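Contents: one structure, followed by commentary.
The values are calculated or read from the model by the stated rules, or taken from the named source; none is laboratory data. These numbers come from a predicted model, not from an experiment. Backbone-built Cβ (ideal geometry, glycine too); neighbour counts: all protein chains shown. For accessibility, only protein heavy atoms count, side chains too; no ligands or nucleic acids. Shrake-Rupley method; radii C 1.70, N 1.55, O 1.52, S 1.80 Å.
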Amino acid sequence: MTLYIGREASKLWKRICAETSAESNLFIDNWKYIIAGFVFQYIHGVAARGVHYLHRPGPTLQDLGFFLLPELGQDKVYVSETVFMFVFLSFFLWTFHPFVFKVKKFYTVQIWCRVLAYLVVSQTLRIFTFYSTQLPGPNYHCRPGSKLARLPEPDGVLEVLVINFPQGVIYGCGDLIFSSHMIFTLVFVLTYQKYGTRRCIKQFGWSIAVIQSLLIVASRKHYTVDVVVAWYTVNLVVFFVDKKLPELSDRTNGSSLLLLPLSTKDKDNWTKEENHKLLNGNSVNPADRRPRSQSNGKNLEDVNINQDLQVRSA
């Protein structure tokens, strides 16, 4: 048993090292897109804080969702946040599964480039929308009489640029149309719908998205229109972004294992042309690259398996 565990741990370590080497090559060529995506998250946060200065509390607007769904109350506002954190953490961990599992469909760097592209476009539309018209916030801290409903006039630009995280995010007002929580939830669900492999998880993801929509309205964090607009806007954004960007590399056939640099010598032979093909979503012909040996003269386990299958089929 101890020998088996040690052997499996050794295989896992080699798999992690090989994946890290491949992902590092991709990150070097894509770091600008990754950093730009995260910087835009800050810009989106500053925009949401800026609109809070413009917010004017008033009577809650007539809303069909408020009429149909009972109000959860201030003591249960954590329910929708808990569901959202579950979705966020689950998706985050799933995007890093290629480092651990043998069967993989994508590269982590490539999937996050695609996810950040979805988020940036959706959040840009959201910023234009909530600055166009400011609605009186339905949330408890945004209603008339609340000290948090309006922010005092800032002393300078620096005060606007500094985001009071997480309080400034949780107790924001004015950034209503359309829901930011639903942007993240739908982007994650749609990404797994396309690149995930388990049908039951896909169905569960869509169920969670519907439940999250109902909880947001029941918690009075958004009007129903904020959630409805998010549903069709995010779906359209994902559709058109996928049309403009090249398809990601499909690793399910196992051929991508032959493309990983297995040693220092192989790393030097990893040409820029092959890197660009992978980044553009085009697979490199495995026949152009022969299985390479490690320093001990033995091929990787996955290459041996492919060779055994070829011998048996012959």
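What the table below lists for this structure:
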{"item": "Exposure rank, largest accessible area first [Glu19, Glu81; 1.4 Å]", "result": "Glu81, Glu19"}
{"item": "Arg198/Lys102 FRET efficiency (R0 25 Å; Cβ-Cβ; nearest 0.05)", "result": "0.95"}
{"item": "Principal axes of the stretch 84-192: Cα extent on each, largest first, Å", "result": "56, 25, 23"}
{"item": "Distribution of pairwise C-alpha distances over the stretch 1-88, 5 Å bins, in %", "result": "2, 9, 7, 9, 13, 13, 10, 9, 7, 8, 7, 4, 2, 1"}
{"item": "Lys, Arg +1 and Asp, Glu -1 on Cβ, resulting dipole of the stretch 1-251 about Cα centre, debye, nearest 20", "result": "840 debye"}
{"item": "Sites Ser21 and Leu89, calculated FRET efficiency, Cβ-Cβ separation with R0 22 Å, nearest 0.05", "result": "0.25"}
{"item": "Label-to-label distance, nm, for residues given as Leu245 and Leu161 (7 Å Cα→Cβ offset)", "result": "2.9 nm"}
{"item": "For the stretch 1-251, diffusion coefficient by Stokes-Einstein and Kirkwood Rh (Cα), 20 °C, 1.002 mPa s, µm²/s", "result": "107 µm²/s"}
{"item": "Within the accessible area of the stretch 1-251 (1.4 Å probe), percent carbon and sulfur", "result": "70 percent"}
{"item": "Added length on full extension, which subtracts the Cα-Cα distance from 0.36 nm per residue, Phe128 to Ile170", "result": "13.1 nm"}
{"item": "Gap separating the Cα centres of the stretch 92-137 and the stretch 181-219, nearest whole Å", "result": "13 Å"}
{"item": "Computed FRET value (nearest 0.05) for Phe67 with Ile211, which takes r as the C-beta separation and R₀ as 22 Å", "result": "0.70"}
{"item": "Spacing of the two label points (7 Å from each Cα toward its C-beta) at Asp75 and Phe38, in nm", "result": "4.1 nm"}
